[in-house]
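To start, the structure under review is shown below, and the notes come after it.
Derivation of every value follows stated rules applied to the coordinates shown; laboratory data play no part. As the structure is a computational prediction, the values presented were derived from the model and not from experiment. Positions of Cβ are backbone-derived with ideal geometry, glycine not excepted, and every protein chain shown enters the neighbour counts.
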Amino acid sequence: MFTVKLDLFRGPLDLLLFLIKRKELDILSVKVSEIIDQFNEYLDIIQFIDCDLAGEFVSMASWLLEMKVMEALPGESEPVIEEEDPHEDFVRQLLDYKKYRDAACLLEERGRRWQQNYARLANDCPRKTRDLAEEPILDVDLWDLVSAFGRIIKEPNGPVPTNIVYEETPIEAHMARIQDRLAENGMTSFSELFKPGMHKTTLVAIFLASLELVRNYCVEVEQYQLFGEIWLHPGEGWTREINSAGVTSA
C-alpha cells in the first residue's frame, strides 16, 4: 500500500483565496456564508484522499461555521471594545497570506525568466521541479484539479468500498501508464485516466501520479472553460524514464 504525501495542498487559506477569486468577491468585504459551502465540498474531497491530511482544513471549517453563525446574529447595540472582531482577523489572515503568495510567485517568475535568458547556464544545473504548492499549473490551479477529481469520485459508478482491497501498484507505475497513454495519443483528458468502479486507493494513486508528472514538468494541463474538462499533454520536461522516487530523468 502506498503512502500519500500531499504537501501539494497549500493549506486552507490558499483554498479560501481560490474560492474568493473564482467567485469574484472582494476580500475586504467577503462574507463567510458566500464561500463556506464550497469550502466544505473541497474538504470532503481532501478527506476522501486521506483523512490524516485534512486536519488544518477541518479546523478552518469549524472556524468558518462559527463566523457564519455570528454573521447571522443581530448586531450588538454596544460593541465590545476589547474583543477582536473575528471577521477582521479572518480578512487579515487572508491578506497576509495573499501577500506572501504574491511575493513567492514573483520570485518564481523571476527565476523562470532568468532560466530562459540564461538557458546554457541553467542546463548545467539540476532541473528544478515545479512545485504545485507554490504556483498555479499554467491556467489551471491545483484546486481546479482537486475539483475535477471530486466530480469523478461522485459519478454514479464511483469508487468501490475501501474494505479488504488495497492499492499495491506503485505511484511510479501509474505515472508510466499515463506517459504511455500520452505517447500514444498526444494528449488525454483527466477524466479518461479513471475507470468506473475503480477502488478508492487506485483513484487516489492515479490522481497523485498525475500531479507528480506535472510537478516534474513532464505533463502540462489546460482547461478551456470553468468546470470544463482538463486536458493533459507532454510538457517541456517530457521523458519516459521514471526512477524509484517517482522523479523523471533525462
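Computed packing ranks the peptides 87-93, 177-183 as 177-183, 87-93, most packed first, by mean other Cβ atoms within 10 Å.
Quick one: 187, 60, 67, fewest Cβ neighbours within 10 Å first, how do they rank?
Numbers: 187 14, 60 21, 67 18.
Listing 187, 60, 67 from fewest to most nearby Cβ atoms yields 187, 67, 60.
Here the Karplus relation 6.51 cos²θ - 1.76 cosθ + 1.60, evaluated at θ = phi - 60°, turns the backbone of the range 144-153 into coupling constants of 5, 5, 4, 4, 5, 5, x, 5, 5, 6 Hz, with x for every Gly and Pro. Among the listed pairs 154/195; 23/200; 31/68, a Cα-Cα separation exceeding 19 Å is found for 23/200. Look at 202, 169 and count the other Cβ atoms within 10 Å of each Cβ; fewest to most, that gives 169, 202.
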